[in-house]
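First the structure, in the form of structure tokens, and then the observations on it.
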Amino acid sequence: MGKLRVEARGCTAPLIRSILPTEIEAEWQRFENALSRTETEITVLKQRVEELSGASEAAIFDAHLLFLRDRMIISRMRKEMPVRLQNIDSVYYAVVQNFMEAMRLVDDAYLRSRVADIGDVLQRVLKNLDTGGAKTRKNKPVSKDPCVLAAYDLAPSDTADLDSQNVLGFVTEAGSAISHTAILARSLGLPAVVAVPNLVMESRVGQPAILDGYNGVLILNPTQETCEHYKLLQAEKEKAYQALVDMKDLPAETRDGHRIHLACNVDFVHEYSAVKRSGADGVGLYRTEFFLLGGDGLPDEEAQYQHYRRLVEECAPQEVIFRTLDSGGDKLPFEVLEEKEDNPFLGWRGIRVSLSRPAIFKEQLRAILRASAHGKVGVMFPMVSGLTEVKDVQDILEECRRELRARGQAFDENMRVGIMIEVPSAAMMADVLARYVDFFSIGTNDLTQYTIAVDRVNYRVASMFRSTHPGVIRLIHKTIEAGIPTAICGEMGGDITLVPLLVGLGATELSVGTHLLPLIRFAIRHLNYEECREMAQLALQAEDSRTIRSLSKAVALRSYPNLFE
Ligand code: PEP
Ligand code: MG
């Protein structure tokens with residue numbers, strides 16, 4: 001519960017500043033000056049391109065000039081200014097963003113392709129409005145009062161940075177519940193709601209808001225009564241959660257004595273202490289990319305070793321599984337590519353990046369190996385699609401072991417080596433891959449995305465993202481059937497509705513966000529393993545995702561109804 005702070009898309013999103021009605025005219029004057037400056041810039045650019053490449057190439061700038069003075073945009077701004085009472089930068093930004101969104105949806109491919117041009121003009125005008133030294137999002141101030149952040153979209157790197165900015169929770173117009181932005185919100189323990197239509201257009205800075213992450217709802221201008229209701233709910237939820245946390249020393253074991261290894265997913269250093277506090281059986285997934293790519297430049301082997309060692313020592317005697325760099329997709333890029341990838345999720349991502357940069361990959365592997373001298377460590381590789389990659393990484397890993405032996409540096413010769421199963425081809429080949437590695441960890445977020453061809457960050461298809469699709473469930477079954485220890489480390493493992501299904505399919509480990517761990521422990525302790533197995537057999541015969549979800553939910557509701565209250 002708090003006041004809204006609104007941010008729009010892209011690195012040039014202007015800061016929003018409230019203005020008085022008497023300041024409106026001065027803002028329009030500022031806008032007019034920025035338009036004139038932009039007009040001059042575009043005209044000069046047009047002449048230059050005309051000289052270099054001819055008139056037809058330069059024609060695009062005529063469209064830019066037309067858009068600059070677009071009557072529809074200006075008249076919308078005229079309506080918005082007296083209502084919003086905000087600096088003209090942010091009003092222009094909101095109106096143009098909204099227009100761009102509408103353009104993205106039109107049937108005409110040519111019009112759709114013009115969105116980027118409009119974005120260009122927008123950036124130019126904002127830059128020219130900003131010449132007085134106003135701050136852009138790149139050097140945003142830390143807001144003093146805690147706020148609920150409303151944004152068009154947040155990159156995972158923006159999300160990672162939120163903690164330091166007094167943000168109580170966030171809501172975005174784009175995104176999906178399975179995007180890394182949403183996953184990071186869970187790691188940070190921040191309430192978040194995503195894919196809210198018209199959010200930026202309809203929200204106002206300073207508006208009182210309640211973010212209900214349980215139900216995916218943003219309430220603007222709540223009544224006194226609604227506020228009271230939510231305050232009570234918040235107190236109740238906190239009390240119930242604390243009661244679950246207090247059970248941290250009880251084993252994650254079903255009523256009929258079947259033990260599940262319950263570990264947590266860690267993304268940030270500040271979560272280290274929470275691992276111990278949660279009573280987890282170790283770290284099942286440490287996403288190294290946020291540490292590796294989050295600062296200025298890649299840390300070298302020594303810096304990585306110190307960092308990994310700290311986590312290993314903090315968690316000892318429990319095991320920490322480091323996943324090697326998984327850049328690309330919707331995560332931080334490893335290198336700024338000259339040409340943007342059209343399909344980044346199918347592109348230069350995960351193990352493909354590491355294998356094509358062996359020197360950097362080896363620095364990370366040696367650092368992980370060296371950390372294994374200080375506690376129990378495992379390593380696993382993301383986005384593996386088949387055996388060739390497994391053999392390649394094994395060879396490189398062996399080379400690193402030889403180098404460390406030659407240097408006389410200690411490491412655990414028996415460090416466990418695993419792979420993530422998140423590409424359907426790897427799941428299909430699980431029986432073969434199982435001969436080469438010690439364990440599997442199923443990344444259900446990507447496995448679902450790649451199996452049913454639904455982009456995990458595209459809000460237009462977010463409702464189609466179903467991890468209980470029979471195709472996905474059969475691949476999980478096939479992977480587990482290969483017979484080596486198999487964890488579930490995707491978001492599915494932290495869904496109390498689906499725990500009975502995953503346990504029944506035979507997953508030996510669940511690795512979930514630290515905040516979810518107490519709930520999942522409670523769920524496991526109230527299940528009957530035999531009942532879960534029978535239900536999972538039915539699920540494997542089911543024809544659609546809804547049936548599978550209902551089967552698991554029925555067991556969950558019977559076993560721990562209070563978690564659903
Ligand atoms: C997954 O894909 O399920 C997974 C755990 O990895 P990430 O979410 O980091 O891609
Ligand atoms: Mg993944």
Inset, instruction - Among the residues of region 300-337, write down those that are more than 16 Å from ligand 2 (Cβ to nearest atom), surrounded by 22 or more Cβ atoms within 10 Å (Cβ to Cβ) and within 23 Å of Thr514 (Cβ to Cβ). - result: Gln304, Tyr308, Leu311, Val312, Cys315, Val320
Legend entry - Candidates Ile520, Ile488, Ile484, Ile548 - the one that is open to solvent by less than 40 Å² (accessible area, probe 1.4 Å), over 17 Å from Arg186 (Cβ atoms), of a type in the set (Val, Ile, Thr) and touching a strand residue (DSSP E or B) at 6+ places or on another chain (Cβ under 8 Å): Ile484
Inset, instruction - Output the residue which, of all residues in region 441-453 that are hydrophobic (A, V, I, L, M, F, W, C) and within 12 Å of ligand 1 (Cβ to nearest atom), is nearest to Ile484 (Cα to Cα). - result: Ile442
Legend entry - Scan of region 456-491 for residues that are within 13 Å of ligand 1 (Cβ to nearest atom) and within 26 Å of Glu173 (Cα to Cα), ordered by number: Arg456, Val457, Phe465, Ser467, Gly490, Glu491
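Looking at region 258-274, which of its residues are β-branched (Val, Ile, Thr) and either surrounded by fewer than 24 Cβ atoms within 10 Å (Cβ to Cβ) or at pLDDT below 85 (or both)?
Of all residues in region 258-274, those β-branched (Val, Ile, Thr) come to 260, 266, 269.
Residue satisfying the conditions is Val269 alone.
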Inset, instruction - Taking Leu563 as the residue in question, decide whether it is surrounded by 14 or more Cβ atoms within 10 Å (Cβ to Cβ) and under 21 Å from Tyr214 (Cβ atoms). - result: yes
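Show me the helices (runs of 4 or more DSSP H) entirely contained within region 124-216 in which 2 or more residues are open to solvent by less than 20 Å² (accessible area, probe 1.4 Å) and at pLDDT 80 or above. Spell out how you get there, then give the answer.
Values: elements: 156-160, 180-188, 199-202.
Here the list reads 180-188.
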Inset, instruction - Identify the single condition in (1) more than 27 Å from Leu199 (Cα to Cα); (2) in contact (Cβ under 8 Å) with a residue 12 or more places away in the chain that Thr22 does not satisfy, given that it satisfies every other one. - result: (2)
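Tell me, which strands (runs of 3 or more DSSP E) lie completely within region 364-459 with 1 or more residues that are on the phi > 0 side of the Ramachandran plot and more than 28 Å from the chain's Cα centre (by Cα)?
none
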Inset, instruction - Out of the residues in region 446-470 that are in contact with a His (Cβ under 9 Å, 6 or more places away or on another chain) and modelled with pLDDT of 95 or more, state the one that is surrounded by the most Cβ atoms within 10 Å (Cβ to Cβ). - result: Thr448
Legend entry - Any hit, region 422-430, residues being under 22 Å from Arg287 (Cα atoms) and in contact (Cβ under 8 Å) with a residue 60 or more places away in the chain: yes
Legend entry - Flag for Gly297 being at positive phi, within 14 Å of ligand 2 (Cβ to nearest atom) and at pLDDT below 85: no
Inset, instruction - Can you confirm whether region 422-432 contains a residue that is modelled with pLDDT of 95 or more, more than 16 Å from ligand 2 (Cβ to nearest atom), touching an Asp or Glu at 6+ places or on another chain (Cβ under 8 Å) and open to solvent by 60 Å² or more (accessible area, probe 1.4 Å)? - result: yes
Inset, instruction - For region 52-68, state whether one or more residues are in a helix (DSSP H, G or I) and touching a His at 6+ places or on another chain (Cβ under 8 Å). - result: no
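The values are calculated or read from the model by the stated rules, or taken from the named source; none is laboratory data. If you're wondering where the values come from, they're calculated on a predicted model, not measured in any experiment. Positions of Cβ are backbone-derived with ideal geometry, glycine not excepted, and every protein chain shown enters the neighbour counts. Only protein heavy atoms, including side chains, enter the accessible area calculation; ligands, DNA and RNA are left aside. Shrake-Rupley method; radii C 1.70, N 1.55, O 1.52, S 1.80 Å.
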